[in-house]
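Report on the structure given below.
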Amino acid sequence: METPGAEAARIVDAVLHDLATSVHRGVVVDSPPGAGKSTLVVRAAGVLAATGVPLMIVAQTNEQVDDLIARLAAASPELGVGRLSAVDYVATERVRAHPSCRVGAKVADLGGPAVTIGTAAKWATVTDGTWPWAIVDEAYQMRSDALLRVAPRFDRALFVGDPGQLDPFSTVEVDRWTGLSWDPMQSAVAVLLRHNPDLPVLRLPVSWRLPASAAPVVAAAFYPFTGFRSGTGPADRTLSFGTPTASPIDEVLDVAATSGWALHELPARFTVRTDAEAAAACALIAARALARDGVTQSESGTRPLTADRIAIGAAHRDQVAAIRAFLPEEARDITVDTANRLQGREYDLTVVLHPLSGRRDATAFHLESGRLCVLTSRHRHACVVVAREGIAELLDAHPSTEPVHLGVPVKFPDGWEANQAMLAHLAGVGVRA
């Protein structure tokens, strides 16, 4: 059987070959969580830049842009990079560290670099010039109308993204466009493939982030038709704690360290969205993991479990604020954020407040498969899910009731199915509060 490294390398080589030889105007690369999307983007950028033609890179957030610049600096410090930015943008340390990076609000200010990189929103303001090649990073997070605005700037493009994560969203009503082929709320890749069904689509087959305990669970719940495997084996990563078990919270952490997963079950109860008991439990679990002198061992070596390697995820910003308020002073550096803002980030241990915990109903927002996928796929070692009992019964009582619109492709898996699959696994690692 082909090793994970060899399989991943073969697919990446196939992507680069298609870029060089395909007659199509685009190549799409689907990627599971932690499969090396950014690594592929950086490598493709180097290959395309080496041909001597200018290249544009489109990312979705300033954080993604700065991260890619740092990666480009590490891979090709001599490569000239232009960072398109707002007038009031202040270069981060990562950008300043690139020896050949120039920052400007206009393309003309950048001096004609080999690679010009900016957010989709910034590229939409560029009205002059074209580039032979573009790379669109996190393309499934990009709205189709954003792609329409930047498409005149390039001739051919590589689209890289994760189809299992959160779809683009809007804070305004968008029903008027539902079912139309140009619906702006569809992802850029979805609309691209609907209008160009013959474009080559390749899939990265290996997650280098998710451990062997998580990859099959996440793949079965959120990627049932494509699947992927972990780049590491069952014994390649370990999480251990230096202090003995002294409470039920410690027991939850021990289960997570042993199996890679744990479910901390609170008593069944309908609650307000900012459930104080659940928020406090999330904060306590994360803080206790920090206090127990945790140590991780992996292919990257042995290192302590520090606050910057722990994250707590929730569905809503008010839940994030409630959890953060419960963190003790010594644990304030632990990341607490929503699923939307945790996309693309990686930690050793994550604590997740289940989106359906304590709810009376199962709305489309809380059933969204991409939201749960993001929350449960950020970890390299273990994930603890905090939830009140009764979610399975809630799902049985409230199957998806979203209307089916003509012209709208059915998305698989739906949130109901994904939640049930995840709960089925967590049932074997549950610890009642």
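The values are calculated or read from the model by the stated rules, or taken from the named source; none is laboratory data. What you are looking at is a predicted structure, and each value in this text was computed from that prediction instead of being measured. Please note: Cβ atoms are built from the backbone with ideal geometry, for glycine as well, and neighbour counts cover all protein chains shown.
One table, with the values for the structure above:
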| item | result |
| --- | --- |
| Strands (runs of 3 or more DSSP E) enclosed by segment 293-358 - at least 1 residues per element that are of a type in the set (Phe, Trp, Tyr) | 347-353 |
| Residue within segment 99-113 that is crowded, with 23+ Cβ neighbours inside 10 Å and either of a type in the set (Ser, Thr, Tyr) or assigned to a helix (DSSP H, G or I) (or both) present | no |
| Qualifying residue in segment 235-244 (condition: among the acidic types (Asp, Glu), assigned to a loop (DSSP other than H, G, I, E, B) and on the phi > 0 side of the Ramachandran plot) | no |
| Search result, residues across segment 73-98 that are assigned to a helix (DSSP H, G or I) and among the hydrophobic types (A, V, I, L, M, F, W, C) | Ala73, Ala74, Ala75, Val95 |
| Every pair of residues 6+ apart whose Cβ atoms lie under 6 Å, when the first sits in segment 280-291 and is under 13 Å from Leu349 (Cβ atoms) while the second is assigned to a helix (DSSP H, G or I) | Cys282/Ile323; Ile285/Ile249; Ala287/Ala331; Arg288/Ile249; Ala289/Leu253; Leu290/Ala307; Leu290/Ala331 |
| Of the criteria (1) modelled with pLDDT under 90; (2) more than 25 Å from the chain's Cα centre (by Cα), which one Gly164 fails | (2) |
| Residue among Leu210, Leu199 that alone is in contact (Cβ under 8 Å) with a residue 12 or more places away in the chain, in contact with a Leu (Cβ under 9 Å, 6 or more places away or on another chain) and in a loop (DSSP other than H, G, I, E, B) | Leu199 |
| Extreme residue, nearest to the chain's Cα centre (by Cα), among residues of segment 218-238 that are within 16 Å of Cys383 (Cα to Cα) and of a type in the set (Val, Ile, Thr) | Val218 |
| Residue that is farthest from Arg432 (Cα to Cα), among those in segment 299-313 that are touching a residue at least 60 places away in the same chain (Cβ under 8 Å) and touching a strand residue (DSSP E or B) at 6+ places or on another chain (Cβ under 7 Å) | Leu305 |
